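Undergrad: To start, I am sharing the structure in question, which I have written as structure tokens.
The values are calculated or read from the model by the stated rules, or taken from the named source; none is laboratory data. This is a predicted model, so every value here is computed, not measured. Here the Cβ is made from the backbone with ideal geometry for all residues, glycine too, and neighbour counts use every protein chain on show. For the accessible areas, the whole protein counts, side chains as well, though only heavy atoms, and no ligand, DNA or RNA atoms are used. Shrake-Rupley method; radii C 1.70, N 1.55, O 1.52, S 1.80 Å.
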Amino acid sequence: MWLNRGSRLNPAWIVQYLLARQIPFTNYETPLKQVDSLAVVHVYNEFPKCMRSRRRWGIFELLFGAFVFFWSCLVIFGTPHVWLAGLLVLLIGIGHVGLSLFTLYQGISCQYALTLEPREMVLQRPDEDEPVKFAYSDLRKVNFTSAPFVSHEFISFIEFLDTDFAYHCYPIERVPVKKFDEIVSILRQLGIDATNSFK
């Protein structure tokens with residue numbers, strides 16, 4: 001769903017559809033509020049094993065694509081009678097370079113870290129100067145989930161609805177999966193309906 005934000009299957013569109021027809025949300029509950037703010041700042045920012053593996057795979061793809069690219073250039077200019085075969089190999093090399101850059105960006109650079117401050121939730125990406133902040137009073141529903149990335153690998157996401165029922169979704173591979181239940185427990189103490197649907 002995170003990849004389909006521009007289509008009619010966008011979760012925000014689904015929420016607006018349900019609201020417009022006054023269809024109740026069966027998976028929404030308001031937990032009993034126990035605290036108004038957090039006494040301790042909780043920081044979740046690690047570089048997990050899957051991201052290290054993804055980085056190695058992206059670097060390998062980049063080096064392999066560069067090798068194929070330069071080798072095909074040598075074939076094209078060194079032996080003009082096989083230029084078509086060299087051109088096809090060149091396209092394969094460019095494809096590998098593009099895949100490696102996509103893997104490195106999606107798998108590492110665009111991943112958010114999560115900080116639970118006394119009165120707001122902060123999402124920070126390494127390549128962004130300004131973090132994304134949401135006051136706890138503006139959060140209606142928070143859920144941790146996953147979506148396929150490459151092959152059989154899954155990326156974890158945090159998705160939530162604000163008080164205006166606007167849908168937000170962020171990739172959070174820098175937050176360890178084993179910490180999701182802890183975060184859910186903290187958010188529920190603040191009166192936020194938080195769930196962990198990660199599989």
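Undergrad: Taking region 170-199, which residues are under 15 Å from the mean Cα position of the chain (by Cα), of a type in the set (A, V, I, L, M) and not in a loop (DSSP other than H, G, I, E, B)?
TA: V177
Undergrad: Suppose we filter Y112, Y17 for residues that are open to solvent by 40 Å² or more (accessible area, probe 1.4 Å) and modelled with pLDDT of 70 or more; which single one remains?
TA: Step by step, each of Y112, Y17 is checked, and only Y17 is open to solvent by 40 Å² or more (accessible area, probe 1.4 Å) and modelled with pLDDT of 70 or more.
Undergrad: Among the residues of region 173-185 satisfying the criterion of being closer than 12 Å to H42 by Cα and crowded, with 18+ Cβ neighbours inside 10 Å, which is modelled with the lowest pLDDT?
TA: It comes out as V175.
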